[in-house]
């Protein structure tokens with residue numbers, strides 16, 4: 001058995017940063033654009049179409065990342081020297097994936113129950129007056145807030161590793177030889 005690599009391969013690095021950028025964009029878009037635009041606005045259809053396409057893209061990229069994590073060699077979890085922090089870091093990574101999948105599933109549920117695919121992409125019908133009438137929308141709202149908080153925590157943890165522990169964590173998740 002060969003030793004674990006010291007960094008992630010270029011495909012995984014690209015998937016990580018592309019997914020991260022899309023998630024941050026989607027969280028900002030959902031919070032500051034979609035939530036603020038009334039369903040009666042023609043702009044809402046265009047924004048929802050983009051949100052649905054990008055959300056589907058995030059879901060596919062996340063599934064590909066998970067498959068690669070389960071089937072390819074990867075570096076060991078980054079250690080802090082504190083067992084509790086190490087366990088919290090591992091748990092945070094698992095929770096990130098779970099929340100991404102939950103956000104996607106609740107978005108799909110809301111879209112299907114409200115008839116969004118036909119309305120947005122087929123021009124059949126009008127948007128409902130309020131998406132909060134659909135139970136998955138409630139889950140979507142809570143899960144996106146939790147995801148945003150965890151993304152910030154993940155970023156803070158990475159910065160802590162890089163600049164306080166000085167363990168060159170960023171080299172593990174960047175292109176090149178590290």
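The values are calculated or read from the model by the stated rules, or taken from the named source; none is laboratory data. Because the structure is a prediction, the values reported are computed rather than measured. Using ideal geometry, Cβ is built from the backbone for each residue, glycine included, and neighbour counts are taken over all protein chains shown.
Looking at residue 62, is it within 14 Å of the chain's Cα centre (by Cα) and part of a helix (DSSP H, G or I)?
Numbers: within 14 Å of the chain's Cα centre (by Cα): yes; part of a helix (DSSP H, G or I): yes.
It is true that residue 62 is within 14 Å of the chain's Cα centre (by Cα) and part of a helix (DSSP H, G or I).
Name the single residue, out of those in segment 71-104 being modelled with pLDDT of 95 or more, loosely packed, with under 12 Cβ neighbours inside 10 Å and over 18 Å from residue 153 (Cβ atoms), that is farthest from the chain's Cα centre (by Cα).
83
Exactly one condition in (1) over 25 Å from residue 35 (Cβ atoms); (2) at pLDDT 95 or above; (3) surrounded by fewer than 14 Cβ atoms within 10 Å (Cβ to Cβ) is not met by residue 53; state its number.
All conditions pass for residue 53, except number (1).
Tell me which of these residue 151 doesn't satisfy, since it passes every other one: (1) loosely packed, with under 14 Cβ neighbours inside 10 Å; (2) under 22 Å from residue 27 (Cβ atoms).
Answer for residue 151: the failing condition is (1).
Conditions: (1) touching a helix residue (DSSP H, G or I) at 6+ places or on another chain (Cβ under 6 Å); (2) modelled with pLDDT of 95 or more; (3) farther than 23 Å from residue 34 by Cα. Residue 48 meets all but one. Number of the miss?
(3) is the only condition that residue 48 fails.
So that you can scan it fast, the table gives a plain yes or no per residue for (1) touching a residue at least 40 places away in the same chain (Cβ under 8 Å); (2) assigned to a helix (DSSP H, G or I); (3) farther than 30 Å from residue 41 by Cβ; (4) touching a strand residue (DSSP E or B) at 6+ places or on another chain (Cβ under 8 Å):
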site	(1), (2), (3), (4)
66	no, yes, yes, no
78	yes, no, yes, no
86	no, yes, yes, no
94	no, yes, yes, no
104	yes, yes, no, no
118	no, yes, no, no
121	yes, yes, no, no
127	yes, no, no, no
132	no, yes, no, no
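Within segment 134-176, how many residues turn out to be free of Cβ contacts under 8 Å to residues at least 60 places away in the same chain and in a loop (DSSP other than H, G, I, E, B)?
Summing the residues that are free of Cβ contacts under 8 Å to residues at least 60 places away in the same chain and in a loop (DSSP other than H, G, I, E, B) in segment 134-176 gives 4.
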